[in-house]
Amino acid sequence: MTAKKFNISLKPIGIVRNDIKQPRREDWNTVISEIVLDPSCQKALNRIEEFSHLIVTYWMHKVLLGQRLITEVHPRGEKDLPLVGVFTSRSPMRPNPVGITTVKLLARTGNILKVAGLDAINGTPVLDIKPYIPGYDSPPNARTPDWATK
């Protein structure tokens, strides 16, 4: 069975603003970012400040076309960890460089969300935002291999 060919067109709903100019591997928890949404999306944020955390989906626009052809990586670039498929990792090098991160919502002002922990660089296009709902977004009895948490 092969995947059907579809033409998919995504329109960013906003952009990330922060001081991070180049991708990095760690210390994202301390990064404070603003997600500046298109003003037409402001009503779509109605009551979002009632949630403590959000799931942000974004396009990793600095991933080069050649990097999208990589199929295996060492997690976090650490050679002492096993070589795994990109779908088994959180590597940005993947066929479609879509990033997904759960962030802490610090504030909302109109169409701007102030968040902590977004692992996206300045200028990153934002594709979608969803509320984080414990239990729904964190399944019970989830498991991970030992190397994933080293």
### Query
Which of the following residues is under 30 Å from Lys150 (Cα atoms) and of a type in the set (A, V, I, L, M, F, W, C): Ile8, Ile55, Ile13, Ile48?
Ile55
### Task
Quick one: in segment 71-97, of everything that is among the aliphatic types (A, V, I, L, M) and surrounded by 15 or more Cβ atoms within 10 Å (Cβ to Cβ), which residue is farthest from the chain's Cα centre (by Cα)?
Leu81
### Query
Consider Lys130 against the criteria (1) of a type in the set (Lys, Arg); (2) out of contact with any strand residue (DSSP E or B) (no Cβ under 6 Å at 6 or more places or on another chain); (3) within 15 Å of Ile13 (Cα to Cα): it satisfies all of them except one. Which criterion is unmet?
(2)
#### Entry: Failed item in (1) part of a loop (DSSP other than H, G, I, E, B); (2) under 21 Å from Ala120 (Cα atoms); (3) touching a residue at least 60 places away in the same chain (Cβ under 8 Å); (4) not aliphatic (A, V, I, L, M), with Ser91 passing the rest
(3)
### Task
Provide a single number: the residues in segment 26-66 that are in contact with a helix residue (DSSP H, G or I) (Cβ under 9 Å, 6 or more places away or on another chain) and either loosely packed, with under 11 Cβ neighbours inside 10 Å or closer than 15 Å to Gly110 by Cα (or both).
2
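Checking the structure you have, find out if any residue of segment 39-54 is aliphatic (A, V, I, L, M) and under 16 Å from the mean Cα position of the chain (by Cα).
So far as segment 39-54 goes, yes, one or more of its residues are aliphatic (A, V, I, L, M) and under 16 Å from the mean Cα position of the chain (by Cα).
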### Summary
Within segment 122-134, the count of residues that are touching a Pro at 6+ places or on another chain (Cβ under 6 Å) and at pLDDT below 95 comes to 0
### Message
Being at pLDDT below 90, outside any strand (DSSP E or B), farther than 21 Å from Leu45 by Cα and touching a helix residue (DSSP H, G or I) at 6+ places or on another chain (Cβ under 9 Å): is that true of Pro140 here?
### Response
no
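Take Ile20 and tell me if it is under 15 Å from Val115 (Cβ atoms) and either among the aromatic types (Phe, Trp, Tyr) or touching a strand residue (DSSP E or B) at 6+ places or on another chain (Cβ under 6 Å) (or both).
No.
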### Query
Being part of a helix (DSSP H, G or I) and within 20 Å of Gly117 (Cβ to Cβ), is that true of even one residue in segment 65-74?
no
### Task
Return only the number of the condition from (1) closer than 26 Å to Ser9 by Cβ; (2) touching a strand residue (DSSP E or B) at 6+ places or on another chain (Cβ under 8 Å); (3) at pLDDT 90 or above that Thr71 does not satisfy.
(3)
### Query
Given (1) without any contact (Cβ under 8 Å) to a residue 60 or more places away in the chain; (2) assigned to a loop (DSSP other than H, G, I, E, B), where does Leu81 come up short, assuming only one miss?
(1)
#### Entry: Selection from segment 7-25 of residues that are outside any strand (DSSP E or B) and surrounded by 12 or more Cβ atoms within 10 Å (Cβ to Cβ)
Leu10, Pro12, Ile13, Asn18, Ile20, Pro23
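The values are calculated or read from the model by the stated rules, or taken from the named source; none is laboratory data. None of the values given here were measured: they were computed from a predicted structure. Glycine gets a Cβ as well: all are built from the backbone with ideal geometry, and neighbour counts include every protein chain shown.
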